[in-house]
Amino acid sequence: MDPEMLARIQFALTAGFHFLFPPLSIGLGVFLAVVHGIAYKKKEAGWQGLAEFWTKLFALIFAFGVATGIVLEFEFGTNWARYSRFVGDVFGSPLAIEAIFAFFMESCFLGIVLFGRGKVSAGFRYFSVVMMAIGAHLSAIWILVANSWMQTPAGYHLVETARGPRAEITSFWEMVFNPSTLDRIWHVTTAAWTTGAFLVIAVCAWQLLKKRCVPEAQKGLKAGLAFAAVAMALLFASGHSSAVLLEKTQPVKFAATEGIFETGEAASFHLFGIVDEAAGTVHGPEVPGAVNIMLGRGLCADPENPILGLNDVPAENRPPVQLTFQSFHMMVYCGGAMALLLALGFWLWWRGRLFESRWWLSFAVPAALLPQIANQFGWIATEVGRQPWIVQGLLRTEDAFSTNVSGGQLIFSLIFFTLVYTTMALLFLFVFIKKIRDHR
């Protein structure tokens, strides 16, 4: 297999596995700030027990997030040396800020939360919980600043060097607030809140099914549902905003996500389907004009502001349409399933049957996977939809790969990472489940 494709598969594996943990840290950080605040104010054993239980789970998730994230930085240097050389000046600032400031802020305050009970005042410990949550968000923000620059570069100029062109910052704040930064931060953050909320719902639902820690589980389930409702409302709003921005800043990616081949048509939203790239169509049910309505353009095409179709894009500049289309739609399906589960949960809550409805609780336990699946497919749609560019319009992926890495080396490292990450996944699940079962 082509070494470049092997390197892409390896990065997808390592980044995808790592991406299981940061959204949970961000979402649980907010949940812990709320629960610890209630426990600090009310001094009730149930809320205090709930806060301490989830603090331990947060620490476990944080540890695995750190361990899996380190690998990515090495891959930039080994497999993507030309990319690192091209973006080094731009990425140096946000990644350094994330590591030196945000990561250390989160980890230091986490240490106080874990080991400071009885050693620092309750007020300062709660302050540490809040700062820990803020640190988790700041880490995500600076990582997203770097990734958003890859999608919509700004605040730079190209400098010719002996080893080829290199992007250098001309305006730090233009680089930070490039056209897609704020929308992507907004969308990823609300997705992370949803991920944390659904984990809380799943664990508390399991405890109620097994009749374990019932008072704590009831409090946690209600808090998780309320948190999830707020998070998902904001998630849908941010998703719409991101789609509108995507059509303006990355029209080719937008066309791929919606399966639009003809420029200027009143674009339909495909409920599901199979993309036929050769024929330039999507086979499956569709809602005529729905894309135009979602973009705020009405039912008809706008001749002054047409939606770009893939047929007007050279074949070498198109992303893999099938994968982009299916990934985007899988993300949407997961969002719909989560919204339905939440609606049923609130209906049962209103009827006073939430804790006794075993069928709903049984569905709620595996529902913790839905936001994780949505996150993974959303990431695939975002990154694959930008191809063939690794930096939009500036650097193609084929020109970013290290020239001195062989296929054999990549096959060996890919097998090695697969075995290591499989072991880590099993270890995480074992410890995570054990902590839940041991909690009384």
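Tell me, yes or no, whether the stretch 23-44 has at least one residue that is acidic (Asp, Glu) and modelled with pLDDT of 85 or more. Before you say what the answer is, go through the steps one by one.
Step one: filter the stretch 23-44 for residues acidic (Asp, Glu), giving 44.
Still in the list and also modelled with pLDDT of 85 or more: none.
For the stretch 23-44, residues acidic (Asp, Glu) and modelled with pLDDT of 85 or more: absent.
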**Message:** Looking at Thr161 and the list (1) among the polar types (S, T, N, Q); (2) in contact with a Phe, Trp or Tyr (Cβ under 7 Å, 6 or more places away or on another chain); (3) closer than 30 Å to Glu4 by Cα; (4) surrounded by fewer than 20 Cβ atoms within 10 Å (Cβ to Cβ), which single condition is not satisfied?
**Reply:** (2)
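Using the structure shown, decide if Phe103 is more than 22 Å from the chain's Cα centre (by Cα) and touching a residue at least 12 places away in the same chain (Cβ under 8 Å). Before the answer, list the steps.
Details: more than 22 Å from the chain's Cα centre (by Cα): no; touching a residue at least 12 places away in the same chain (Cβ under 8 Å): yes.
Here the answer is no, as Phe103 does not meet what is asked.
Of everything in the stretch 382-440, what is assigned to a loop (DSSP other than H, G, I, E, B), of a type in the set (D, E, K, R) and either closer than 16 Å to Val71 by Cα or in contact with a helix residue (DSSP H, G or I) (Cβ under 9 Å, 6 or more places away or on another chain) (or both)? Give them in sequence order.
Within the stretch 382-440, the first condition is being assigned to a loop (DSSP other than H, G, I, E, B), and the residues that meet it are 385-388, 392-394, 400-406, 439-440.
If we keep only those that are of a type in the set (D, E, K, R) too, we end up with 386, 440.
Of everything in the stretch 382-440, just one residue is assigned to a loop (DSSP other than H, G, I, E, B), of a type in the set (D, E, K, R) and either closer than 16 Å to Val71 by Cα or in contact with a helix residue (DSSP H, G or I) (Cβ under 9 Å, 6 or more places away or on another chain) (or both), namely Arg386.
Residue-wise test of (1) in contact with a Gly (Cβ under 8 Å, 6 or more places away or on another chain); (2) over 27 Å from Gly37 (Cα atoms).
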site	(1), (2)
Ala223	no, no
Ala228	no, no
His240	no, yes
Lys248	no, yes
Glu258	no, yes
His270	yes, yes
Gly284	yes, yes
Ile293	no, yes
Gly296	no, yes
**Message:** For the stretch 210-315, give me every one of the helices (runs of 4 or more DSSP H) that falls completely inside it and has 2 or more residues that are within 27 Å of the chain's Cα centre (by Cα) and closer than 30 Å to Leu348 by Cα.
**Reply:** 214-249
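Based on what the data block shows, is Ser406 surrounded by fewer than 17 Cβ atoms within 10 Å (Cβ to Cβ), farther than 29 Å from Gly239 by Cβ, in contact (Cβ under 8 Å) with a residue 40 or more places away in the chain and small (Gly, Ala, Ser)?
Working: surrounded by fewer than 17 Cβ atoms within 10 Å (Cβ to Cβ): yes; farther than 29 Å from Gly239 by Cβ: yes; in contact (Cβ under 8 Å) with a residue 40 or more places away in the chain: yes; small (Gly, Ala, Ser): yes.
When the stated conditions are applied, Ser406 passes them.
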**Complete:** Over the stretch 409-430, the set of residues of a type in the set (A, V, I, L, M) and surrounded by 14 or more Cβ atoms within 10 Å (Cβ to Cβ) is Leu410, Ile411, Leu414, Val420, Met424, Ala425
**Message:** Go through (1) of a type outside the set (Val, Ile, Thr); (2) over 30 Å from Arg166 (Cβ atoms); (3) at pLDDT below 90; (4) surrounded by fewer than 20 Cβ atoms within 10 Å (Cβ to Cβ) for Phe346 and report which single condition fails.
**Reply:** (3)
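Please verify whether Ala226 is free of Cβ contacts under 8 Å to residues at least 24 places away in the same chain and of a type in the set (A, V, I, L, M), treating the condition exactly as stated.
yes
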**Message:** Here are the criteria: (1) surrounded by fewer than 21 Cβ atoms within 10 Å (Cβ to Cβ); (2) farther than 27 Å from Leu370 by Cβ. Tell me which single one Pro94 does not satisfy.
**Reply:** (1)
**Message:** Just checking, does the stretch 170-190 include any residue being in contact with a helix residue (DSSP H, G or I) (Cβ under 7 Å, 6 or more places away or on another chain), under 29 Å from Arg358 (Cα atoms) and in a helix (DSSP H, G or I)?
**Reply:** yes
**Request:** Considering only the stretch 316-331, state which residues are surrounded by 18 or more Cβ atoms within 10 Å (Cβ to Cβ) and part of a helix (DSSP H, G or I).
**Result:** Val321, Thr324, Phe325, Gln326, Ser327, Phe328, His329, Met330, Met331
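Restricting to the stretch 399-428, and then to whatever is hydroxyl-bearing (Ser, Thr, Tyr) and closer than 19 Å to Glu4 by Cβ, can you tell me which residue is nearest to the chain's Cα centre (by Cα)? Steps first, answer last, please.
Residues of the stretch 399-428 hydroxyl-bearing (Ser, Thr, Tyr): 402-403, 406, 413, 418, 421-423.
After this cut, where a residue has to be closer than 19 Å to Glu4 by Cβ as well, the list is 402-403, 406, 413, 418.
On the way: Ser402: 27, Thr403: 30, Ser406: 31, Ser413: 25, Thr418: 21 Å.
Per the stated criteria, the residue is Thr418.
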**Asked** If you take the residues in the stretch 10-52 that are out of contact with any Ser or Thr (no Cβ under 7 Å at 6 or more places or on another chain) and in a loop (DSSP other than H, G, I, E, B), which one is surrounded by the fewest Cβ atoms within 10 Å (Cβ to Cβ)?
**Response** Lys43
**Asked** Given the structure, is Lys219 touching a Gly at 6+ places or on another chain (Cβ under 8 Å) and either within 20 Å of Gly378 (Cβ to Cβ) or modelled with pLDDT under 85 (or both)?
**Response** no
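Looking at Val159, Val145, can you tell me which residue is over 21 Å from Ile61 (Cβ atoms), among the β-branched types (Val, Ile, Thr) and not in a helix (DSSP H, G or I)? If you could, list the steps in order and put the result at the bottom.
Numbers: Val145 fails: not in a helix (DSSP H, G or I).
Exactly one of Val159, Val145 is over 21 Å from Ile61 (Cβ atoms), among the β-branched types (Val, Ile, Thr) and not in a helix (DSSP H, G or I), namely Val159.
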**Request:** Mind listing just one residue for me: the one in the stretch 281-301 that is touching a helix residue (DSSP H, G or I) at 6+ places or on another chain (Cβ under 8 Å) and of a type outside the set (Gly, Ala, Ser) and, of those, modelled with the highest pLDDT?
**Result:** Val282
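Taking the condition in a helix (DSSP H, G or I), modelled with pLDDT of 85 or more and closer than 30 Å to Ala237 by Cβ, does Ser107 pass?
No; evaluated as a whole, the condition is false for this residue.
The values are calculated or read from the model by the stated rules, or taken from the named source; none is laboratory data. This structure is a prediction, so every number in the text was calculated from the model and none was measured. Note that each Cβ is placed from the backbone with ideal geometry, even for glycine, and that neighbours are counted across all protein chains shown.
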